[in-house]
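The values are calculated or read from the model by the stated rules, or taken from the named source; none is laboratory data. What you see is a predicted model; the values in this text were computed from it and never measured. Because the Cβ atoms are built from the backbone with ideal geometry, glycine has one as well, and the counts that use them run over all protein chains shown. Remember, those area values only see protein heavy atoms, side chains included, never the ligands or the DNA or RNA. Shrake-Rupley method; radii C 1.70, N 1.55, O 1.52, S 1.80 Å.
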Amino acid sequence: MIKLINISKKYKDEVVALDNLNLEFKEGEFIVLKGVSGSGKSTILSLIAGLLKPTSGEVLVDSKHISKLADHFCSEFRRENIGFIFQKYNLIPTLSVRDNILLPLVPNNLDEEVLEDKLHHVMKIFNISHKENSIVKELSGGEQQRVAIARANVNNPKIILADEPTANLDTKLSLQFIEIMKKLKSSNKTIVLATHDPLFFDLDFVDKIIEIKDGKYCANNT
Ligand code: ADP
Ligand code: MG
């Protein structure tokens, strides 16, 4: 369960990004956060990931007070619970597919064998095994997106956060991405996806579409 309670977030004491926001997502739900650019979507995702602290209010994930954790506990929390998919993939272009996917596991000090198992498992699910040793910058956009999704899932997180994931994809790849999200949803992941891509507004496996406007929950949207 993810809860945002009376959350306000100001940047530099002046920009009000979120204004007394209350949201609650249940385990296994697929939530779409919609809203124009600047409405506060990315800020919400960063707060859930513990990448940002609210100015006031509380963020709870499975009754853990994320907004009160010290930074190194936040990193640990993220490593164990969160997979983040970014619009621009945030891959390291000069590294291979395998090295990019293994990156989140580096701090865990796992056995070589366990690492290889996890790597091959996600490469298979997201159909990128044949590019294991290719350098990321030489891949197509769709392939890079699948590497990013594999990386977000390599630690088998309960929660997937995706920020404008289809912004750089054509319609065909966006539809493939949606199929991948459907698969993740059916494996009981909680997914919070920020987007203004209309492709997400009419999907039968989306549990809730929440419109954010000027950092507030926009109630007249259903
Ligand atoms: P969205 O993801 O919906 O486009 P954001 O959460 O990125 O919205 O931004 C919400 C508001 O906060 C915007 O007005 C944006 O300009 C502002 N903002 C976001 N990040 C920062 C930052 N690091 N410093 C100052 N203002 C920011
Ligand atoms: Mg954003």
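General observations
- Just one of the listed residues (Val59, Val16) is buried (at least 18 other Cβ atoms within 10 Å of the Cβ) and either out of contact with any Pro (no Cβ under 7 Å at 6 or more places or on another chain) or under 24 Å from Asp207 (Cα atoms) (or both), namely Val59.
- Some residue of segment 151-164 being touching a residue at least 12 places away in the same chain (Cβ under 8 Å) and over 29 Å from Gly50 (Cβ atoms): no
- In segment 182-209, the residue that is nearest to ligand 1 (Cβ to nearest atom) out of those that are of a type in the set (A, V, I, L, M) and crowded, with 19+ Cβ neighbours inside 10 Å is Ala194.
- Qualifying residue in segment 101-115 (condition: within 18 Å of Asp170 (Cα to Cα), within 22 Å of the chain's Cα centre (by Cα) and not polar (S, T, N, Q)): no
- Considering residues of segment 137-169 that are within 16 Å of ligand 1 (Cβ to nearest atom) and part of a loop (DSSP other than H, G, I, E, B) only, the residue surrounded by the fewest Cβ atoms within 10 Å (Cβ to Cβ): Ala167
- Of the residues making up segment 83-92, at least one is within 16 Å of ligand 1 (Cβ to nearest atom), crowded, with 16+ Cβ neighbours inside 10 Å and aromatic (Phe, Trp, Tyr).
- Residues satisfying the stated conditions in segment 19-56, i.e. in contact with a strand residue (DSSP E or B) (Cβ under 7 Å, 6 or more places away or on another chain), on the phi < 0 side of the Ramachandran plot and open to solvent by 50 Å² or more (accessible area, probe 1.4 Å): Asp19, Asn22, Glu24, Glu27, Ser42, Thr55, Ser56
- Extreme residue, farthest from ligand 1 (Cβ to nearest atom), among residues of segment 170-180 that are modelled with pLDDT under 95 and open to solvent by less than 40 Å² (accessible area, probe 1.4 Å): Ile180
- Within segment 37-63, residues that are free of Cβ contacts under 8 Å to residues at least 12 places away in the same chain have Cβ atoms under 7 Å from residues that are open to solvent by 10 Å² or more (accessible area, probe 1.4 Å) in these pairs: Ser46/Leu52, counting only partners at least 6 apart in sequence or on another chain.
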